[in-house]
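Just so it is clear, none of the values below were taken in a lab; they were calculated from the coordinates. None of the values given here were measured: they were computed from a predicted structure. Cβ atoms come from the backbone with ideal geometry, glycine included; neighbour counts cover every protein chain shown.
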Amino acid sequence: MFMQEKYIPAEIERAAQDHWRATAADRAVEVGGKPKYYCLSMFPYPSGWLHMGHVRNYTIGDVLARYHRMLGENVLQPMGWDAFGMPAENAALVNQTPPAHWTRQNIDGMKQQLQPLGLSIDWQRELATCAPDYYRWEQWLFTRLFEKGLIYKKQGTVNWDPVDQTVLANEQVIDGHGWRSGALIEKREIPMYYMKITAYAEELLAGLETLTGWPEEVRLMQKNWIGKSVGVRLAFVLAEETYPEQKLWVFTTRADTLMGVTFVAVAAEHPLATHAAKDNPALAAFIAECKKGSVAEADFATMEKKGMPTGLFARHPLTGEKIPVWVGNYVLMGYGEGAVMAVPAHDERDFAFAQKYSLPIKQVIGVTNEAFSVDHWQEWYGDKHRAVCVNSGKYDGLAHAEAVEAIAADLALAGLGEKEVQWRLRDWGVSRQRYWGCPIPIVHCEDCGDVPVPDDQLPVVLPENVTITGAGSPLSRMPEFFETVCPKCGKPARRETDTLDTFVESSWYFLRYACPDNDGAMLDERVDYWCAGGIDQYIGGIEHAILHLLYARFFTRLVRDAGLIHLSEPFKNLLTQGMVVAPTFYRLDAGGKKHWINPAEVEVKTDEHGRPVGATAKADGQPVSIGGIEKMSKSKNNGIAPQTLIDRYGADTVRLFMMFASPPEQSLEWSDAGVEGAFRFLRRVWKLAYAHVGRGVTAANSGNAGLTEEQKSLRRKLHQTIGKVRNDYGRRLQFNTAIAAIMELLNACDRTDLSDDAGGALAQELLEAVVLMLFPIVPHIGQALYAELKPGVDAARAAFPQADPAALAQDEIELMIQVGGKLRGQIRIPANADAAAIEAAALATKAARKFMDGKPAKKVIVVPGRLVNIVV
RNA sequence: GCCCGGAUGAUGAAACAGGUAGACAUACCGGACUUAAAAUCCGGAGCCGCAAGGCGUGCGGGUUCGACUCCCGCUCCGGGCACCA
């Protein structure tokens, strides 16, 4: 059979995929004798449309999976569906289709859209979180955790839409109003289940130190999120007798400023606020006002700081001074004690508040040569590193740490406080007043309380034939679902109708891939095999840096402590990929509204330098306005459907472009021309292989014997490139530079005369290596070309090329000559020359003499293999 | 508001450990091939300057023989902020 002259992606891609299917090339089996490599991309939400972000994510994963398989490792790359969530309910409202139906249809559709990409996925392990045989284990674990006290019930705050009579997600609250009703949102307290993640705070923090395969920024974000701080919990004793709790507790990390407290502020939800508002209508009105608006912290932190005195007073724990108690809208009920001591002189927020309400500002720490003024805030007021106590009686002269110790000791003596570790991390509220999620396996009995559903009654199956109305969960309108009997006493009881946060499903799916077929247990010993030492590579968006990754680390410890696995950190190496962005184009209509036009329907005009000067619509040739470069989205109509490109260029071109256009962690800008360029490169590789195969050479060169100097130099470049590509794939996870190196190699190959026999053998060696080096990125063309270069050998089972140290040897190297740090020339010098010889040679160069201008060299710096810098 | 990133030619980017700034590609310009176009191949190009040379990695300072890289202070853009996934 003769090799096809033309590169026809559709044909070779179909053939390659048929071959992989027939040889079960993607199947992952637990076998001994070689190291395992578990490569995981974050599973998608089945929205129905595969977008470029998915393609990028899964291509990165596939490149790594295939590369590690070529290194002889036992590779697992699974795929599944994060199938519960709000969009299915929203779609149900619009289309009148049940969420289950919509979701399953989307899964089928997206799976079909994934197939052409040629991903090396073991589809036998596919899972969907909305399947009862998945979520039943989540319910099972829930009941265990509930019994252990790691899940408990308390009041939580939610966004309440008073018009639609429903709880809204933060995303559904826009500027404090409901997205559908437009009504002003209120905060409402309802009972919810919480998972005690704070019980693992110390371990989750300490574990970050071991995650050396994670980006530093992600570890730092998690560390700040967990937010361990050592401070002092202390009490102000209330002057009034009426309030049953005599002590008002606060937490502070700045106990050294305690002597500067001029008021105390409590959250609007604080019991003391409620107490004080009982016979104070103005205060009650203020508290009601504080309860308007969303519960999102970003809204909370940017709103105007307001307060009102309660009329109550408390005694300073050390001085006994009467201190007014205020209600402040900026005090968080969920953090610390829901109350803060205010030191306006040394806290910027308190300072602004005190100025606004004319409260006293009392300086109690100072910095040498800095003058305090109540007129404006200065940075040093809050600086605990430089400051010492002043106006603080016996504490005067103490630095921050000493003052905290001394004050804490005195508070302890008075029985009014002690040092305490405080976490910013809060327990995880997992109850959702929504339908499309995992039912919480609890039955409420009048006599027995909250009773977990026994194992033999699991799963609590979510009814799928429902109508979504947009007001509350349909489960709470389905007596056939919630009417049940108490598992303990048998009396009529009510089943919980809330479902679990969808983050719960995504907190353990990566473990279940190891044993998706086990219907007798949540997890089994196969997890210990695949996840030993952690999942070898996890790949997903940076937007998951905190919540998902923290919950997954928490959950792994929960199942460990349930005795199911022997693993603490689930993800050994983490790669956070950037977004896929594209230019936007629009036209304004008569009303000034923007109509977004897809980049595929726009032509950009450039001037003679290639600078863009305008754009026109392909449809009518009329100009369109150029918007910004934004994340591909439906709303800006700047998405490009992967399928369109695969149809035109083939999957390999799409994969190559995605890997070449930017490093994986950066955002990737879409470019039609770039895709075209990727296609051109593949066509060039194909042509080169075609011409070579036509020569009939099949034996690869394996040394420098018989090569010309020029050919030796090309062979050196080949082996340098192999080393670089291995480093880029394996250590740096940077594929764009690996591709660039291979392109450079081919450019060098074009410039080298390989027409003799030795040259033919070198061309064979080079092409075999190039095809295998490209294989992880463009496996279809790789499969086809390798079959031509080495008939009968399967590229999918080939080993990755290795650099030959003998090929790398070099007699002469080039050094740069700098004078005064500026580049002035270069010299060629024997590779083994010592520093003295290099220095002498450098000083003798024309360039050095010219720029030294007759002056003597003050200092000569020789950087071996790089440059010589002469300082005059 | 708080936490975390990013900014380099016309464009995407490279420079991996402080040592040749702009590799590789795209767009552009010129040439070859062609009846012509496409495709392909060859060449050019950071900016200023005829040149010598000077300037140049968001802005302002600093450390160093030497800074895209380290430090301090800003600006703008992006991610997250616990019920979007």
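Projecting label points 7 angstrom from Cα along Cα→Cβ for A:LYS594 and A:ILE861 puts them 4.8 nm apart. Dividing the C-alpha radius of gyration of region A:509-603 by 2.2 N^0.38 Å, with N its residue count, gives 1.74. Largest first and in whole Å, the equivalent-ellipsoid semi-axes of region A:14-97 read 33, 15, 12, each the square root of five times a Cα gyration tensor eigenvalue. Helix A:547-561 and the longest principal axis of the C-alpha atoms of chain A enclose an angle of approximately 80°. Above 12 Å, the calculated P(r) of region A:442-483 contains 68 percent of its Cα-Cα pairs. Centre-to-centre separation between the Cα atoms of region A:763-804 and those of region A:149-199: 56 Å.
Show me the three semi-axes of the equivalent ellipsoid for region A:366-488, from the C-alpha gyration tensor (sqrt of 5 times each eigenvalue), largest first, rounded to whole Å. Spell out each step's value before the answer.
On the way: eigenvalues 699, 94, 27 Å².
Equivalent ellipsoid semi-axes, largest first: 59, 22, 12 Å.
Compactness check for region A:757-872: Cα Rg over 2.2 N^0.38 Å is 1.71. Listed here are the pairs A:LYS291/A:LYS631; A:LYS292/A:LYS594; A:LYS223/A:LYS291; A:LYS291/A:LYS356; A:LYS6/A:LYS631; which of them are more than 25 Å apart at the Cα? Flagged as over cut-off: A:LYS291/A:LYS631; A:LYS292/A:LYS594; A:LYS223/A:LYS291; A:LYS6/A:LYS631. Rg and Dmax, both from the Cα atoms of chain A and both in Å, are 33.8, 105. Axis of helix A:281-290 versus longest Cα principal axis of chain A: the two differ by about 10°, to the nearest ten degrees.
Think of region A:387-523 as having a plus end and a minus end, set by charges on the Cβ of Lys, Arg, Asp and Glu; of A:SER431, A:ASN391, A:THR467, A:THR467 sits farthest toward the positive end of this dipole.
Close amide H pairs (under 5 Å, H built 1.01 Å from N) link A:GLY614 with A:LYS605, residues at least 5 positions away or on another chain. The length gained on full extension between A:ALA409 and A:ARG386, counted as 0.36 nm times the residue separation minus their Cα-Cα distance, comes to 6.0 nm. Summary of packing: across the peptides A:353-359, A:164-170, A:84-90, the per-residue average of other C-beta atoms within 10 Å ranks them, highest first, as A:84-90, A:164-170, A:353-359. Relative protection proxy for A:360-369, A:694-703, A:48-57, A:118-127, from highest mean packing down: A:48-57, A:118-127, A:360-369, A:694-703 (other beta-carbon atoms within 10 angstrom). In whole angstrom, note down how far apart the Cα centers of region A:263-314 and region A:602-663 are. Cα centroid to Cα centroid, the span is 51 Å. Size descriptors for region A:704-829: radius of gyration and Dmax over Cα atoms are 16.8, 60 Å.
Tell me the volume per residue, in Å³, of the convex hull enclosing the alpha carbons of region A:526-567.
On the way: hull volume 2.7 nm³, N = 42.
Here the figure is 64 Å³ per residue.
A Förster distance of 56 Å, applied to the separation of the beta-carbon atoms of A:VAL793 and A:ARG477, puts the FRET efficiency at 0.30. An oblate overall shape is assigned to region A:106-237, the ratio a/c of its alpha-carbon gyration tensor axes (a ≥ b ≥ c) being 1.5 or greater and a/b not exceeding b/c.
Taking the Cα centre of each part, how many Å lie between region A:830-872 and region A:679-749? Here the answer is 35 Å between Cα centres. Backbone amide hydrogens, once placed in the peptide plane, bring A:VAL819 within less than 5 Å of A:ARG824, A:ILE870, excluding anything fewer than 5 places away on its chain.
Simple spin-label estimate for A:ILE629 and A:GLU297 gives 3.1 nm between the two label positions (7 Å along the Cα-to-Cβ direction from each Cα).
If a/c stays under 1.5 just call it rounded; otherwise compare a/b with b/c (prolate if a/b is bigger, oblate if not). Do that for region A:562-691, with a ≥ b ≥ c from the square roots of the Cα gyration tensor eigenvalues. Verdict is oblate for region A:562-691. Taking amide H as placed 1.01 Å from N in the peptide plane, A:ILE365 has its amide H under 5 Å from the amide H of A:VAL390, each at least 5 places away in sequence or on another chain. Each eigenvalue of the Cα gyration tensor of region A:656-754, multiplied by 5 and square-rooted, gives one semi-axis; in descending order these are 28, 18, 10 Å. Once the convex hull of all Cα atoms in region A:456-524 is built, its volume per residue stands at 134 Å³.
What is the calculated FRET efficiency for A:TYR335 to A:THR467, with r their C-beta to C-beta distance and R₀ = 41 Å, to the nearest 0.05? Mind dumping the intermediate values first?
On the way: r = 40 Å, r/R0 = 0.98.
In this case the efficiency is close to 0.55.
When each of the peptides A:769-778, A:19-28 is scored by how many other beta carbons lie within 10 Å of its residues on average, the order from highest to lowest is A:769-778, A:19-28. Helix A:400-414 and the longest principal axis of the Cα set of chain A meet at an angle near 30°. Diffusion coefficient of region A:38-169 by Stokes-Einstein, Kirkwood radius over Cα pairs, 25 °C, 0.890 mPa s: 139 µm²/s. Taking the Cα centre of region A:634-782 as the origin and placing charges on Cβ (Lys, Arg +1; Asp, Glu -1), which of A:GLY703, A:GLY760, A:PRO642 is farthest toward the positive end of the dipole? The listed residue farthest towards the positive side: A:PRO642. 3J(HN,Hα) along region A:338-347: x, 8, 10, 8, 9, 10, x, 5, 10, 9 Hz, from the Karplus curve 6.51 cos²θ - 1.76 cosθ + 1.60 with θ = phi - 60°, whole Hz, x for Gly and Pro.
Dipole check for chain A: with +1 at the C-beta of Lys and Arg, -1 at the C-beta of Asp and Glu, and the Cα centre as origin, the magnitude is about 1740 Debye.
What share of all Cα pairs of region A:739-796, in percent, falls into each consecutive 5 Å distance bin? Histogramming region A:739-796 at 5 Å steps yields 4, 19, 26, 23, 18, 9, 1 percent. I want to verify the translational diffusion coefficient of region A:295-430 in µm²/s; compute it with Stokes-Einstein, Rh as the Kirkwood radius over Cα pairs, at 10 °C and 1.306 mPa s. D = 94 µm²/s.
If you average 1/r over all unlike Cα pairs in region A:142-202 and invert the result, what Kirkwood radius do you get in angstrom? List each step's numbers first, then the result.
Values: mean 1/r = 0.0753 Å⁻¹.
After inverting the mean inverse Cα-Cα distance, the result is 13.3 Å.
Placing R0 at 35 angstrom, the Cβ-Cβ distance between A:ASP133 and A:ASP561 gives a FRET efficiency of 0.90 after rounding to 0.05.
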